[in-house]
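Below: the structure, in structure tokens.
The values are calculated or read from the model by the stated rules, or taken from the named source; none is laboratory data. As the structure is a prediction and not an experimental result, all values here were calculated from the model. Every residue, glycine as well, gets a Cβ built from its backbone with ideal geometry; the counts of neighbours run over all protein chains shown. The area values use the complete protein model at the heavy-atom level, side chains included, leaving out ligands, DNA and RNA. Shrake-Rupley method; radii C 1.70, N 1.55, O 1.52, S 1.80 Å.
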Protein chains: 2
Amino acid sequence: MPTGRAPEPTVLRLSIYLRCLRQVHAEGLDTISSAGIQERTGITAGQVRKDLSYFGEFGKPGLGYAVEPLLTRLSHIMQLDRPRKVVIVGAGNLGAALAGYQGLRSSIFSLVAAFDNNLSKIGRPLWDVEIKDVRELPRITQEQGVEIGIITTPAEAAQGVAELMAQGGIRSILNFSPTRIVSPQGTTIRNVDLMKELEVICFYLPKP
Amino acid sequence: MPTGRAPEPTVLRLSIYLRCLRQVHAEGLDTISSAGIQERTGITAGQVRKDLSYFGEFGKPGLGYAVEPLLTRLSHIMQLDRPRKVVIVGAGNLGAALAGYQGLRSSIFSLVAAFDNNLSKIGRPLWDVEIKDVRELPRITQEQGVEIGIITTPAEAAQGVAELMAQGGIRSILNFSPTRIVSPQGTTIRNVDLMKELEVICFYLPKP
DNA sequence: GTGAGCTTGTGCTTTCTTTCACAATCTCCA
DNA sequence: TGGAGATTGTGAAAGAAAGCACAAGCTCAC
């Protein structure tokens, strides 16, 4: 097991391995080799082995990896082995769509509230939660022990929301707004930028 | 100007520069330095200069970059200088949210249709387009010259949809379904994996 | 018990990115 | 016109990630 901590690209792939393992497990297989993972994920076998080796020795030579134990270990490493509460700020189209997402009603994630600053939305139901005033965010997230925040507001509001979240004890933020947020002290931010993806895809369109 | 083509990380940043430049332009500035871009985007000035240098010499020493010309040049490089037609397949929550996205009704992108395979959805309106039978996709995209496809179906359907898209002449695909798609010959795929983002964010939660 | 056959973990090599630093170039004001 | 000040473009160095190849280890059939 290497000494330093895993590089970011490895962490991104961990989530892919996890999905693969869940599927393999559902299919009833007990064991899978790095070559088998390559076949299902497209990630080369060598890469798989190197990635996993950052966290320990999980495989048996000649046999491969035992699916269930590896699933358990990886879930633990990814900190997906206990429930996490999530809030969404910005009850527009995207916010509403994400709020309805089944992945936020799983054994791991649960959506506890949605927030907006638009008075005509506040108080209304959104799927199975109620839209609350964003000014209540710090109090509510603190009280409920919310750890993850999702931002789906317009760009102008994003920085302020991130700060409210930090104030409310949220440590990890997923930002869908098309702007850079300067991380409040102690928080991690990941950006998902739909417009960027759309533009980048154009770059790769065949040149005339 | 370096000979080879730009590395992928550079292309991703190009889109960020573009957004920054649009904003700076809207503010009425004529000129911006790499340091100025760093201030607004967080990308280091040296990185900015190197990225841009892959495509030409756009700046003037002592002055910086002329905003409008650079905007034009970058738009051209990203192939964002002419309209692109887009279709969405999968009229669920996420598909519907994306279909309503203003960015798909801009001077560059226009949404021409949404598709689904669910009979109860086919024929219904979705914002300003109609939901059509996915089996009509190849014909319609071919006729209309659609270049970009967005997949928001469940995982099981994604591969088949990608193939229909390829058949309909689509060359670039944005895949939101939580699965790996094997690119049909001649198409580029970019994946946006929401569940993955959510899981990865957990990894970065402070360890207890 | 033993050997054939897989498959892992990992050091080494190669490739890809980022950072650094500075000569060259341009502007602008006196 | 000339010189101070700013800022670029880029080669060279450092750093990060991916690919490779193989010794070591495990299994299983006979």
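Under a Cβ-Cβ cut-off of 13 Å, what is the net charge of the residues other than A:Ser33 that fall near it, where Lys and Arg count +1 and Asp and Glu count -1?
+1
Can you give the relative contact order of chain B as a percent, counting alpha carbon pairs under 8 Å and 6+ residues apart?
On the way: 311 pairs, mean separation 27.9, N = 208.
This gives 13 percent for chain B.
Ordered shortest first, which distances in nm separate the 7 Å Cα→C-beta label point of B:Leu29 from those of the other copies?
Distances to the matching label points in the other copies: 5.3 nm.
Per residue of chain B, what 222 nm ellipticity follows from adding -39500 (n - 2.57) for every DSSP H run with n ≥ 4, rounded to the nearest 500?
Working: 8 runs with 85 residues, N = 208.
After summing the helix terms and dividing by the residues of chain B, the value is -12000 deg cm²/dmol.
Between region B:155-208 and region B:33-96, what is the C-alpha centre distance in whole Å?
After rounding, the separation between the Cα centres reads 24 Å.
Can you list the copy-to-copy distances for B:Glu156, using a point 7 angstrom from Cα toward Cβ, in nanometres, shortest first?
4.5
Net charge near A:Met78: determine it from the other residues with C-beta under 13 Å of the C-beta of A:Met78, scoring Lys and Arg +1 and Asp and Glu -1.
Values: positive: A:Arg13, A:Arg19, A:Arg22, A:Arg73, A:Arg82, A:Arg84, B:Lys196, B:Lys207; negative: A:Asp51, A:Asp81, B:Glu197, B:Glu199.
Summing Lys and Arg as +1 and Asp and Glu as -1 gives +4.
Ignoring ligands, DNA and RNA, what percent of the 1.4 Å accessible area of region A:84-197 is carbon and sulfur? The partial results should precede the final answer.
On the way: 2380 of 4810 Å².
Looking at region A:84-197 in its full context, I get 49 percent from C and S.
Count charges around B:Arg171 for me, please; just the other residues with Cβ under 13 Å from its Cβ, Lys/Arg as +1, Asp/Glu as -1. It would help to have the intermediate numbers written out before the result.
Numbers: positive: A:Lys207, B:Arg84, B:Lys85, B:Arg190; negative: B:Glu147.
So the surrounding residues net to +3.
What order, most packed first, do the peptides B:85-95, A:179-189, B:44-54, A:157-167 have when packing is the mean number of other Cβ atoms within 10 Å of each residue?
Result, highest mean Cβ count within 10 Å first: B:85-95, A:157-167, B:44-54, A:179-189.
Show me you know the interface measure: the accessible area buried between B and A, both chains summed, probe 1.4 Å, in Å² to the nearest 100. Please report the intermediate quantities before stating the final value.
Numbers: alone 12570 and 12570 Å², together 19810 Å².
So the buried area, both faces added, is about 5300 Å².
Given a 1.4 angstrom probe, I'd like the percentage of the accessible area of region A:1-58 that is carbon and sulfur, rounded to a whole number. Write out the running numbers ahead of the final one.
Values: 1580 of 3180 Å².
In region A:1-58, the share of accessible area belonging to carbon and sulfur is 50 percent.
If each label sits 7 angstrom from Cα along the C-beta direction, how far apart, in nm, is B:Leu12 from its counterparts in the other copies?
Distances to the matching label points in the other copies: 0.4 nm.
In region A:70-91, which residues give up 10 Å² or more of accessible area once the other protein chains are added, compared with their chain alone (1.4 Å probe)?
Residues meeting the cut-off: A:Ile77, A:Met78, A:Gln79, A:Leu80, A:Arg84.
In Å², what does the accessible area per residue of region A:68-208 work out to with a 1.4 Å probe? All intermediate terms of the calculation are to be shown ahead of the outcome.
Values: 6140 Å² over 141 residues.
It amounts to 44 Å² per residue over region A:68-208.
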